[in-house]
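Data block below; observations after.
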Amino acid sequence: MTDEWLRRWREYFLAWYDEGRVEEKVEEVREFSEPYLDGGVVSVSGGKDSMVMLHVLAAVKPDLAVFHWDHGPWLMPREGEEEILRNIRSVAPRAKLIVERYGFG
């Protein structure tokens with residue numbers, strides 16, 4: 001990541017935040033998702049987009065069911081996988097976390 005890219009990203013984020021657009025988008029997600037959260041499962045990869053979505057949905061329904069697929073050490077080093085699970089638990093501490101582990105043999 002270059003310094004220029006970080007500067008532009010920060011400028012873009014602050015422009016949305018200063019305009020109240022972040023709160024507006026969070027409210028849109030809440031309104032859209034609320035009817036679907038009962039009995040549903042949220043799939044979370046651990047990437048930035050799914051973590052933001054988890055953060056918003058956990059605010060709407062703290063005890064939601066969260067599914068995460070662990071692809072195994074061939075795709076994700078164990079330290080990275082452990083960090084993802086810690087992050088999920090940190091963002092949605094009351095969620096029911098379901099982890100499916102994939103492996104060979």
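What do you reckon, is PRO77 surrounded by fewer than 13 Cβ atoms within 10 Å (Cβ to Cβ), closer than 17 Å to TYR36 by Cα and more than 13 Å from the chain's Cα centre (by Cα)? When the stated conditions are applied, PRO77 does not pass them.
Just one of the numbered conditions (1) assigned to a helix (DSSP H, G or I); (2) in the same structural domain as LEU97 (by TED's automatic domain parsing); (3) in contact with a helix residue (DSSP H, G or I) (Cβ under 9 Å, 6 or more places away or on another chain) is not true of GLU79: (3). VAL66 meets each of the listed conditions (1) closer than 15 Å to LEU97 by Cα; (2) modelled with pLDDT under 90; (3) of a type outside the set (Phe, Trp, Tyr) apart from (2).
Results for (1) of a type in the set (A, V, I, L, M, F, W, C); (2) in contact with a His (Cβ under 9 Å, 6 or more places away or on another chain), shown as yes or no for each residue.
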position: TYR36; (1), (2): no, no
position: VAL42; (1), (2): yes, no
position: GLY47; (1), (2): no, no
position: ALA58; (1), (2): yes, no
position: LYS61; (1), (2): no, no
position: GLY80; (1), (2): no, no
position: ARG89; (1), (2): no, no
position: LYS96; (1), (2): no, no
position: GLU100; (1), (2): no, yes
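Of all residues in the stretch 45-62, at least one satisfies being surrounded by 14 or more Cβ atoms within 10 Å (Cβ to Cβ), in contact (Cβ under 8 Å) with a residue 40 or more places away in the chain and not in a helix (DSSP H, G or I).
The values are calculated or read from the model by the stated rules, or taken from the named source; none is laboratory data. Everything numeric here is computed off the predicted structure, so don't read it as measured data. Because the Cβ atoms are built from the backbone with ideal geometry, glycine has one as well, and the counts that use them run over all protein chains shown.
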